[in-house]
1. Kindly indicate whether any position in the range B:38-53 is over 30 Å from A:A10 (Cα atoms) and of a type outside the set (S, T, N, Q).
2. Within the range A:70-100, which residues are within 25 Å of A:S138 (Cβ to Cβ), open to solvent by less than 30 Å² (accessible area, probe 1.4 Å) and either away from every other protein chain (no Cβ under 13 Å) or of a type in the set (F, W, Y) (or both)?
3. In this structure, is A:L180 within 14 Å of chain B (Cβ to nearest Cβ), open to solvent by less than 20 Å² (accessible area, probe 1.4 Å), in a helix (DSSP H, G or I) and at pLDDT 95 or above?
4. Among the residues of the range A:203-225 satisfying the criterion of being assigned to a helix (DSSP H, G or I) and of a type in the set (V, I, T), which is nearest to A:A53 (Cα to Cα)?
5. Find the residue count for the range A:1-54, including only residues that are at the interface with chain B (Cβ under 9 Å from one of its Cβ atoms), more than 28 Å from A:P95 (Cβ to Cβ) and among the hydrophobic types (A, V, I, L, M, F, W, C).
6. Among (1) within 14 Å of another protein chain (Cβ to nearest Cβ); (2) touching a residue at least 60 places away in the same chain (Cβ under 8 Å); (3) buried (at least 24 other Cβ atoms within 10 Å of the Cβ), which single condition is B:A205 missing?
7. Touching a Lys or Arg at 6+ places or on another chain (Cβ under 9 Å), in the same structural domain as A:I198 (by TED's automatic domain parsing) and among the β-branched types (V, I, T): which single residue out of A:V160, A:V92, A:V128 fits that description?
8. Might you check whether a residue that is of a type in the set (D, E, K, R) and in contact with an Asp or Glu (Cβ under 8 Å, 6 or more places away or on another chain) occurs anywhere in the range A:271-287?
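The values are calculated or read from the model by the stated rules, or taken from the named source; none is laboratory data. All figures in this text were calculated on a predicted structure; none of them were measured in a lab. Here Cβ is always computed from backbone atoms with ideal geometry, including for glycine, and neighbour counts include all displayed protein chains. Calculation scope for accessible area: heavy atoms of the full protein, side chains included, ligands and nucleic acids excluded. Shrake-Rupley method; radii C 1.70, N 1.55, O 1.52, S 1.80 Å.
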2 protein chains.
Amino acid sequence: MLDHGGNIDAAIARFGGTNWIDLSTGINRVPYPMPDIPASDWAMLPTQAAKSAVLAAARVAYRTQAPMLATAGAQAAIQMIPRLMRPGLARVLSPTYNEHAAALRSAGWQVQQVTHFDQLAGADLAVVVNPNNPDGQSFAATDLQDLAQKTPLGVDESFVDPRPDLSLAPLAGSPGLIILRSFGKFYGLAGLRLGFVIGSTEDIARLTEMSGPWPVNGAALRIATQALRDDDWVKATILRLRTETAAADALAKAAGWSALGGTELFRLYDTPDAEAAQVQLARHQIWSRIFPYSNRWLRLGLPGGDVEWARLARALAD
Amino acid sequence: MLDHGGNIDAAIARFGGTNWIDLSTGINRVPYPMPDIPASDWAMLPTQAAKSAVLAAARVAYRTQAPMLATAGAQAAIQMIPRLMRPGLARVLSPTYNEHAAALRSAGWQVQQVTHFDQLAGADLAVVVNPNNPDGQSFAATDLQDLAQKTPLGVDESFVDPRPDLSLAPLAGSPGLIILRSFGKFYGLAGLRLGFVIGSTEDIARLTEMSGPWPVNGAALRIATQALRDDDWVKATILRLRTETAAADALAKAAGWSALGGTELFRLYDTPDAEAAQVQLARHQIWSRIFPYSNRWLRLGLPGGDVEWARLARALAD
């Protein structure tokens with residue numbers, strides 16, 4: 001089992017308490033409001049019409065006409081992509097979300113974790129998370145397109161929703177480029193398990209075959225079809241997140257931490273001692289993410305609502 | 001796309017109407033009552049505690065101590081099992097659910113569809129659906145165990161819930177035997193997407209790696225944990241299904257069809273003309289399943305509730 005954010009039960013087991021604010025992930029804590037779910041969504045197999053509707057909504061939201069597949073979370077796509085091709089040498093721009101290297105190794109790939117974009121070329125598969133988790137580094141569409149000309153490229157856009165200008169989805173559809181999108185993070189509904197893969201006709205056909213006829217539950221298809229069409233909610237959420245990332249950075253700075261980057265959905269801070277910083281927050285029942293490869297980095301999601309923001313302010317001032 | 005039951009939108013497109021009763025699947029139409037779903041089940045990633053709870057409940061319900069994994073439907077397990085082993089010669093006891101052969105071929109296996117149990121031995125992988133879909137044929141645990149001694153064996157127990165005496169789950173855990181269970185069919189909640197794989201420590205570890213950390217949505221974990229513990233509902237449902245399969249067979253017999261078999265969740269009938277029989281029912285907005293390999297067989301799920309039963313009686317008397 002890899003270490004992850006979202007391991008809130010480990011935090012509860014270690015520190016006790018029942019009123020935790022989980023900021024160990026980049027999941028929006030002000031979720032899209034849940035519509036009513038008719039009983040038939042639970043009872044029946046998802047229909048072809050429901051599957052087509054969510055893809056149509058996603059194509060508009062992601063501004064793409066390319067072939068696309070809905071999966072049980074972006075993670076399900078991370079699990080399948082290594083099995084699309086004969087295993088070879090994969091280069092993953094790192095540090096990043098650790099499941100990419102893990103899924104590739106599990107499928108028989110040799111994995112090099114490289115630290116500079118220029119080192120990716122020439123692999124049998126290159127993987128870039130854009131914007132990157134945890135440092136928020138972003139890559140220009142032209143650079144990614146140039147790379148994809150030479151090297152099969154997977155771009156994980158799990159955190160791109162607040163920065164649609166960074167997305168390669170409008171340029172997808174050609175062989176050699178596969179794009180992952182997460183639904184649950186920006187829309188705050190990670191428990192639904194929904195993501196999308198966008199790519200060439202051939203790759204999406206193969207992934208569709210691998211994932212079978214009903215990979216996504218009926219409630220997720222319904223909710224996402226509605227949420228992806230809700231431009232007003234998207235715009236308001238992006239504005240709120242931009243304001244709040246600045247607020248989080250200001251609180252952290254006052255606590256003596258410096259902002260290293262991040263996205264609109266999480267921030268990365270340089271602290272004097274990451275473990276001590278995590279414990280400081282945990283004493284206030286706020287869970288955060290630290291990393292096995294750094295003793296200074298702490299990643300923090302954004303609180304949801306005034307009560308949670310006040311708790312974070314108190315915890316950081318402690 | 002393989003032909004399937006559950007393609008109710010195709011029926012609507014062909015025959016019109018908006019008040020269909022979908023009997024084209026073996027999904028119980030009197031589902032387990034949905035509990036309230038707290039917002040956190042949608043918002044958060046499923047916790048380790050939620051994943052452990054559903055497995056604990058499933059182990060009691062299925063009377064097994066063997067390693068187990070929850071998947072996004074039994075179908076997700078059908079997709080993964082062909083990738084557990086190096087592809088070779090698979091023998092699938094046929095006719096049966098057509099996704100087994102399709103998933104195996106898609107993963108590079110040579111597939112022989114054999115018609116007698118004795119022909120399965122000696123393959124690199126044998127697949128048996130027990131009880132079988134669509135004919136309801138069942139196989140003794142001792143015969144399946146003997147086969148698994150010689151030949152790696154996958155047993156799809158998607159329809160076994162009303163016949164726990166047929167299940168090999170209590171005997172699972174040794175290498176060479178993998179068992180699939182469906183949650184959605186018997187509990188009438190196919191839209192949730194939940195199934196289980198039971199097998200050896202090594203196979204379940206590999207499948208867990210392949211399926212990633214969060215294959216199942218949070219609502220499914222919660223509902224199933226409650227439903228799998230509800231012995232009273234299970235017992236009452238099995239009794240009801242037994243009574244109702246007899247009632248369905250009596251209606252079909254009066255219509256001149258003869259019962260070929262089936263399970264407590266669906267019946268298989270020999271009709272003078274399967275297409276004509278399907279159209280007869282469709283004129284009453286009842287959808288059924290016919291098969292590309294037979295011009296006489298029609299499979300029928302059981303109606304849910306008095307209104308639906310009356311519609312079926314009228315349709316069959318037409």
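1. Just the residues of the range B:38-53 that are over 30 Å from A:A10 (Cα atoms), to begin with: none.
Checked the range B:38-53: no residue is over 30 Å from A:A10 (Cα atoms) and of a type outside the set (S, T, N, Q).
2. Selection gives A:A90, A:V92, A:L93, A:S94, A:T96.
3. On the way: within 14 Å of chain B (Cβ to nearest Cβ): yes; open to solvent by less than 20 Å² (accessible area, probe 1.4 Å): yes; in a helix (DSSP H, G or I): no; at pLDDT 95 or above: yes.
Considered against the rule, which asks whether it is within 14 Å of chain B (Cβ to nearest Cβ), open to solvent by less than 20 Å² (accessible area, probe 1.4 Å), in a helix (DSSP H, G or I) and at pLDDT 95 or above, A:L180 comes out as no.
4. A:T225
5. 9
6. B:A205 satisfies all of (1) within 14 Å of another protein chain (Cβ to nearest Cβ); (2) touching a residue at least 60 places away in the same chain (Cβ under 8 Å); (3) buried (at least 24 other Cβ atoms within 10 Å of the Cβ) except (3).
7. Numbers: A:V92 fails: touching a Lys or Arg at 6+ places or on another chain (Cβ under 9 Å); A:V128 fails: touching a Lys or Arg at 6+ places or on another chain (Cβ under 9 Å).
After applying the criteria, what remains is A:V160.
8. yes
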